[in-house]
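Written below as structure tokens is the structure these notes are about.
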Amino acid sequence: MAKRTARGRAMGDMTIERMDADTFLDWCTRQEGRYELVDGVPRMMVGARKAHDRAVRHGLSALDRKLRGGPCEPFTEAIGVRIPDGNVRRPDILVDCGRGDPDLLHADKPVLVVEVLSPTNRQADLIHKVAEYQRVPSIAHILLVAPDEPAGLLHTRGDGDTWSMQALIGPDAPIALPALGISLALSDFYE
């Protein structure tokens, strides 16, 4: 049986001590697989179905085409987003408009995060992760996309740190991303 300590949570037969974001990001460079930092404890990310991965690949490709040559660049879940409370999340796609430092393990100035919903993470993405992303001052858009049908939700930061939410339904639904100076169609995630 795995040991538990007051300072950490057991992972199999190994006890993991609570970490801050810097320690976690360094620790990740020596691990196989992808992890997020949640409440000071690394949490391994699970694999995805083909529909999920397909939506991520298509969305990343569309963003790359639209942003190429500009100051902002799309990344996969390999790059983390530091949350002010100390968590480190790994959205399916993020757009970073910060410094081009190739050695960073996290976004310097994330502006857009995209989560493709799945049965195992749907509630966390819709509630907890959206709230966490909204606390990151540079994030202007949070896009949640269904993997199997053209549907989603777009959260956009407005004046005075208020957020609006728009339901996206159907392949022709426009996705306006004014903080990036671009727009997409929901179909960009499915073709």
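What follows is calculated from the coordinates using simple rules that are stated; it is not laboratory data. It should be emphasised that the depicted structure is a prediction, and the values quoted were computed from it without experimental measurement. Positions of Cβ are generated from backbone atoms using ideal geometry, with glycine treated the same way; all protein chains shown enter the neighbour counts.
A few notes on this one:
- Of the residues L153, L126, H58, the one whose Cα sits farthest toward the positive end of the charge dipole of the chain, with +1 on the Cβ of Lys and Arg and -1 on the Cβ of Asp and Glu, is L126.
- When each of the peptides 138-150, 160-172, 68-80, 50-62 is scored by the mean number of other C-beta atoms lying within 10 Å of its residues, the order from highest to lowest reads 138-150, 50-62, 68-80, 160-172.
- Between M44 and I169, residue separation times 0.36 nm minus the direct Cα-Cα distance comes to 41.8 nm.
- Each Lys or Arg adds one and each Asp or Glu subtracts one; over the other residues with Cβ under 12 Å from the Cβ of L186, this totals -4.
- The calculated FRET efficiency for D161 paired with R65, based on their beta-carbon distance and R0 = 22 Å, is about 0.10.
- Comparing Cα centroids, the range 95-163 and the range 29-84 end up 11 angstrom apart.
- Net charge of Cβ neighbours under 15 Å - reference R99; Lys, Arg +1; Asp, Glu -1: -3
- Environment charge of G33, counting only residues whose C-beta is closer than 12 Å and scoring Lys/Arg +1, Asp/Glu -1: +1
- Residue order for T29, T120, fewest other beta carbons within 10 angstrom first, comes to T29, T120.
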